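Accompanying notes for the structure given below.
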Amino acid sequence: MTESRDPSVTDGHRLSEEPVAELLQLRELTEQLQDENRDLREALESRVVIEQAKGVLAERLKVDLEEAFSVLRRAARSNRIELRELSARVVSSEATPPELTRTIDRLAEYGEDA
């Protein structure tokens, strides 16, 4: 059985209450900053994949980046797929995902009201 360690005891000496509180605050702040850092890294990774997908679609569809993003976003929304997930599928495959193909076909047939 593992003994739980009292964070207020260091090298056999008990710290005063104030430094212990400061250490606990620092630990909490460190955890918050680590969480924020992880979230920012994930957001950046998602953004990179989305930008890549926009470029791939612009090339495949012979449209500008804004139009490619519009189609990508519309396909993700109408198929209830995360934009990042659909973007990753676009980038990882030579074939355009069927959700995008259906969206493109609907836009061609019905225009922006599709």
- Query: Do you know which of the residues in the stretch 64-114 that are among the hydroxyl-bearing types (S, T, Y) and without any contact (Cβ under 8 Å) to a residue 24 or more places away in the chain is farthest from V49 (Cα to Cα)?
  - Reply: Y110
- Query: For the stretch 76-109, how many residues meet the condition of being touching a Lys or Arg at 6+ places or on another chain (Cβ under 9 Å) and small (G, A, S)?
  - Reply: 3
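Since every read-out is calculated from the coordinates, none of them should be taken as a lab result. Here the structure is a predicted model, which is why all the values come from computation and not from measurement. Virtual Cβ from ideal backbone geometry, glycine too; neighbours counted across all protein chains shown.
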